[in-house]
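Bear in mind that the values in this text are calculations on the coordinates, not laboratory data. These numbers were taken from a predicted model, which means no experiment stands behind them. Cβ atoms come from the backbone with ideal geometry, glycine included; neighbour counts cover every protein chain shown.
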Amino acid sequence: MSLIRCVVALSLAASLSSTFAQANELVVYSSRQEHLIQPVFDLYTEQTGVKISYITDGEAPLMARLRAEGANTPADLFITVDAGNLWQAEQMGLLRPVKSDLIETNIPAQYRAESGEWTGLSLRARTVAYSTERVDPATLSTYEALADSSWHGRLCLRTSKKVYNQSLTATLIETLGTEGAAEVIRGWVGNLTTPVFSDDTALLQAINAGQCDVGIVNTYYFGRLQNADPELKVALFWPNQEDRGVHVNISGAGVTRHAKQPDEAIKLLEWMTGPEAQAIFAGVNQEFPANPAVAPSEEVAAWGEFKADTINVEVAGRRQPEAIMLMDREGWN
Ligand code: FE
């Protein structure tokens, strides 16, 4: 090979490898914590050679950052929890519509945006937790029934500032109407026995310690606490099994509006809805896979099967402003 030819070949190789390096690195902004995303990304990198770098932060700062960065954002994918947050990201114009047959096959429509801008990746039920020492589960039935006077001075709730409760309230409004939902919330607030908690774990500990008998929490917080304390005197109850079913929410993701590598980002997102990734993504946080073909982990399955509400989780976003106002009116702090 002549010297000139050799130089040409080398520079071509160099330019190819720089293209390759770019195409093989994705940037993710995630409000889901590092230890919950890293195992999934590691497997993807192992299988595809695509590197994933990410930053984690609260959903509000990440959305503000995406908005401020605009077209200059390095982020290709945004991961967060709760349909209420994903819906907000969509409203803020931070995401792009994705049309993917694979995602539509893997994830039921009720856990995706109709626009294709985000999809659920794991499911969490927001359900009733009760003291196994002071509550006969036969006396439990529905979310609405926790507003009855029989629960006066026995109920604990988390703050209404948390999106989980805003989403729950939004679905109550959708199902029961504004006045019906207001009546329920009024009853709950009247039954409170302690000030609202800042997180679900503190609420579960309060039930365990005897401060209250019953509350409403996300299932994975119960799972974590049960792992830490197998003697926990708290159990989960699945409400509304005779009617609409348990309130279920998602963690999920969307490709950013200004993704530098939208096609690569879609491939990652599609892969995350598949069996291998689903088992890990849900398993590490004791959640349910959003892909119904994938079984939950053994410890999650041990909580028992239940009927889940089939309402589209988009309602959580659409009715979020109403929910916040209603909770405020009824004195839910
Ligand atoms: Fe959480």
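Can you give the alpha-carbon Rg of segment 174-255 over 2.2 N^0.38 Å, where N counts its residues?
Numbers: Rg = 15.0 Å, N = 82, 2.2 N^0.38 = 11.7 Å.
Dividing the Cα Rg of segment 174-255 by 2.2 N^0.38 Å gives 1.28.
Order of 268-274, 320-326 by packing, highest average Cβ count within 10 Å first? Can you show the working numbers first?
Working: 268-274: 21.9, 320-326: 18.9.
Going by the mean number of other Cβ atoms within 10 Å, highest first, we get 268-274, 320-326.
Once the piece of chain linking Ala60 and Glu104 is laid out straight, how much longer is it, given 0.36 nm per residue of separation minus the C-alpha distance between them?
Roughly 13.1 nm would be gained on extension.
Based on the Cβ-Cβ distance of Asn72 and Glu276, what FRET efficiency does E = 1/(1 + (r/R0)^6) give at R0 = 30 Å, to the nearest 0.05?
Working: r = 34 Å, r/R0 = 1.12.
It comes to 0.35.
Evaluate segment 140-207: find the radius of gyration of its Cα atoms, find its Kirkwood radius, and give the ratio Rg to Rh. Let's see the in-between values first.
Numbers: Rg = 11.7 Å, Rh = 12.3 Å.
My calculation puts Rg/Rh at 0.95.
Give, in nm to one decimal, the length gained when the segment between Asp243 and His152 is fully stretched (0.36 nm per residue of separation minus the Cα-Cα distance). The partial results should precede the final answer.
Working: separation 91, 0.36 × 91 = 32.76 nm, distance 2.43 nm.
Length gained, Asp243 through His152: 30.3 nm.
For the chain, build the convex hull from the C-alpha positions and give me its volume per residue in Å³. The partial results should precede the final answer.
Working: hull volume 46.6 nm³, N = 333.
Normalising the Cα hull of the chain by residue number yields 140 Å³.
How far is the Cα center of segment 172-229 from the Cα center of segment 54-75, in Å?
When both Cα centres are located, 31 Å separates them.
Of Glu305, Glu276, Glu59, which is the most mobile in a GNM of the chain whose springs link Cα atoms less than 10 angstrom apart?
Glu305
Taking the alpha-carbon distance from Lys161 and a cut-off under 20 Å, which aspartates and glutamates remain once sequence neighbours fewer than 8 residues away in the same chain are dropped?
Asp57, Glu59, Asp82, Glu174, Glu183, Asp199, Asp200, Glu314, Glu322, Asp328, Glu330
Hey, could you get me the Stokes-Einstein D for segment 52-189, Kirkwood radius over alpha-carbon pairs, 4 °C and 1.567 mPa s, rounded to whole µm² s⁻¹?
Values: Rh = 17.9 Å.
Translational diffusion coefficient: 72 µm²/s.
Grab the Cα-Cα distance for Thr45 and Glu179, subtract it from 0.36 nm times how many residues apart they are, and report the gain in nm with one decimal. Could you put the intermediate results ahead of the total?
Working: separation 134, 0.36 × 134 = 48.24 nm, distance 5.07 nm.
Answer, rounded to one decimal: 43.2 nm.
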